[in-house]
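Below is one structure, written out as structure tokens; comments come after it.
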Amino acid sequence: MHYIFEPGFFTSGPVHVALGVGTVIAITSAVVGVFTVIRGQSFAGHSLADISTTGGSGAFLVGINQFWGYLAFGAGAAAFMEMIGVQRRRGRDVATGVVLGAALGLAALFLYLDTQSSSTTGVSFTVLFGSMFVLTPSTVPALIVSALLALATVVVLARVLLLSSLSTDIAAARGVPVRAVGAAYLMALAVSVALSAVIIGSVLSTALLIGPAATALRLARSPVRAMATAAGIGVAAIWVGVVLAYDSYYWPPAGRGWPVSFFVVTLVVGGYLVAYLRPRPSRAAAAAQEILDTEQACSAA
Amino acid sequence: MMNTWIAATAVAVIAGVMGFFAVLRGSTFAAHAIPNGAFAGAAGASLLGLNALVGLAVFSVAGALGIAGLSRRARSDVATALTFVMMLGVGALFVSWSTEYAQEAYSLLFGEVFGVAEGEVLPILVLGAVSIAAILVMFRPLMLSSALPEVAEARGISTRRMELAFLLVMALATSMTVPVVGALLMFSLMIGPAAAARSLTARPVLAMALSVAIALVTVWAGIVVSYQTNWPLGFFVGAAGAVFFLAGRGYAAARRRLAVRAATA
């Protein structure tokens, strides 16, 4: 056993917290991510992660808990993106890009002012990659409650979301408030992404949002199964990633441990490649493709 | 300061041109992913003791190939997201192996526009000229496949091959611009001016010229203000991009309203 689990793995407090919170984040990201992939909002999902980190460096500057900075900026950006029109596919990516560009500019300013006041050059790096092993216990309950809220929103809206992602017109004809559903989903996405960004950084946040969901949509035969499969893949990637990162403490070349983000990203992308390169596309993939085609036809119209 | 002006001007021209096509094609995500992901290459190069430009070039080309390759049988936003996180994951590994990288990472993300050395100007100009020349050579097919992909396919222009060519030029442009203005700023400089230009005019060549002009004004004004205030250039460029975009949108909306009023009167 010691070859797999380094001595001390099961008794280490930070590892327990990392695994527990990581599991919650992985499940939320995966379930929310299934709709992100179906709706073609990967760029928005990633941008919200980057934008919420801007809130993190802003909160650092004014001296409040970073967690609230992440949430506030994520939610604010989602509202703004909805306002300036993220409904049309192509215009949506441009609007997202402009909001992201402005937020990154703000991040540069905040980080500059941060370094003026406290001379921490490493802060930009922490913001990008997060740090799983430095969770503060005080934010854990708030974090879990917000994650559950985002998860519940998506699960409750699942049917109408799927319908309105499939065909806006049919959904509208059946009396679904398409725009309101889309806005609620974007808000849930923002909250879930902000949470994962604060803990595991914007890189892993995007990896866990898109990777497991895209893999599951290629494998599973129905959207519900895709959500379950995605959650499973996400949790497995986090657990194996944390174990490997813990083990790697004695690996060459530096003897300081390899980053968790490297392992989790490699596992997630590797899993996707296996599903991607499978010779025969599954029925779900064909169905998903059909959904995408319908959606594209709708957005083009 | 002379080096700063020359390098920044070259960067603005290339960002204006590349950004115009990125916005037209809707490949905004790739415009974000390639410059940002390429930073991993610089980390790898510094680990091996190579010139950062080599690492940036290798990783941005690898990123372009990854995005184009994975887009063959999947949606391009998923392909872009996964290629991007993989590049950054490898970057995190490289950074964890090296010891004195944090400061350099900061300058690659946010740029070092006031620290352009004499020897850096020539490679930037050469790579910039090559990127612009590449865009000019494939100008017509690229324009057609960006604006009307179906018509282009009917005329025998492969959308997929055009996408790959465009991403490769983006990769080339990126490896030259990232050391000067930083990955984050390069992205804002591509998207803001081009998006504003597009809402100001529907004529493609005019929109491209406007995009370059707005990018130049943004960078020049940004450098002056940034030099005066000592605040980072990235902040001014990002803010200017958003302001130009909103102004362009406002102008387009006002023009539409006037047209409607003229039609109903």
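Starting with the fewest neighbours, write out A:HIS16, A:HIS46 ranked by other beta-carbon atoms found within 10 Å of each beta-carbon.
The order, fewest Cβ neighbours first, is A:HIS16, A:HIS46.
Hey, what number do you get for chain B at 222 nm if only DSSP H runs of n ≥ 4 count, each worth -39500 (n - 2.57), divided across all residues, to the nearest 500?
Taken over chain B, the calculation gives -29500 deg cm²/dmol.
Please work out the Cα center distance from the stretch A:194-224 to the stretch A:147-174, rounded to the nearest Å.
18 Å
Using the eigenvalues of the Cα gyration tensor, what equivalent ellipsoid semi-axes result for the stretch B:13-129 when each is taken as the square root of five times the eigenvalue, whole Å, largest first?
24, 20, 11
What's the Kirkwood radius of the stretch B:2-264 in Å, using all Cα pairs? Walk me through the intermediate numbers first.
Numbers: mean 1/r = 0.0532 Å⁻¹.
Kirkwood radius, the stretch B:2-264: 18.8 Å.
Using label points projected 7 Å from each Cα along Cα→Cβ, tell me how many nm separate B:TYR227 and A:ARG278, to one decimal.
Once both label points are built, they end up 5.9 nm from each other.
From other protein chains only, count the Cβ atoms within 10 Å of every residue's Cβ in B:231-244, then give the mean. Don't jump to the answer; show the numbers that get you there.
Working: counts 5, 8, 2, 9, 11, 3, 5, 12, 5, 3, 6, 8, 2, 1.
Whole-number average of other-chain Cβ neighbours for B:231-244 is 6.
Peptide B:196-203: average number of partner chain Cβ atoms within 10 Å per residue?
On the way: counts 1, 0, 2, 2, 0, 0, 0, 0.
Mean partner-chain Cβ count within 10 Å for B:196-203: 1.
Which value, in Å to one decimal place, does the Kirkwood hydrodynamic radius take for the stretch A:227-266 when every pair of different Cα atoms is included?
This gives a value of 10.6 Å.
Taking a quarter of the surface of the Cα convex hull of the stretch A:139-257, what do you get in nm²?
Values: hull surface 36.5 nm².
That works out to 9.1 nm², a quarter of the Cα hull's surface.
Any chance you could get the radius of gyration and Dmax over the Cα atoms of the protein assembly as shown, in Å?
Computed over the Cα atoms of the protein assembly as shown, radius of gyration and Dmax are 22.6, 83 Å.
Against the longest alpha carbon principal axis of chain B, how many degrees, from 0 to 90 and to the nearest 10, is the axis of helix B:233-264 turned?
So the inclination is approximately 10 degrees.
How many percent of all Cα-Cα pairs in the stretch B:109-265 sit more than 22 Å apart?
Value for the stretch B:109-265 (Cα pairs over 22 Å): 53 percent.
How tilted is helix B:76-97 with respect to the longest principal axis of chain B? Cα atoms for both, answer in degrees (0 to 90, nearest 10).
Helix B:76-97 sits roughly 20 degrees off the main axis of chain B.
To the nearest 10 degrees, how steep is helix B:183-200 against the longest Cα principal axis of chain B, on a 0 to 90 scale?
10 degrees
Please give the contour-minus-distance gain from B:GLU153 to B:ASN51: 0.36 nm per residue of separation, less the Cα-Cα distance, rounded to one decimal in nm.
32.7 nm
None of the figures in this text is laboratory data; all of them are computed from the coordinates on show. This is a predicted model, so every value here is computed, not measured. Quick reminder, even Gly has a Cβ in these numbers, built from the backbone with ideal geometry, and neighbours come from all protein chains shown.
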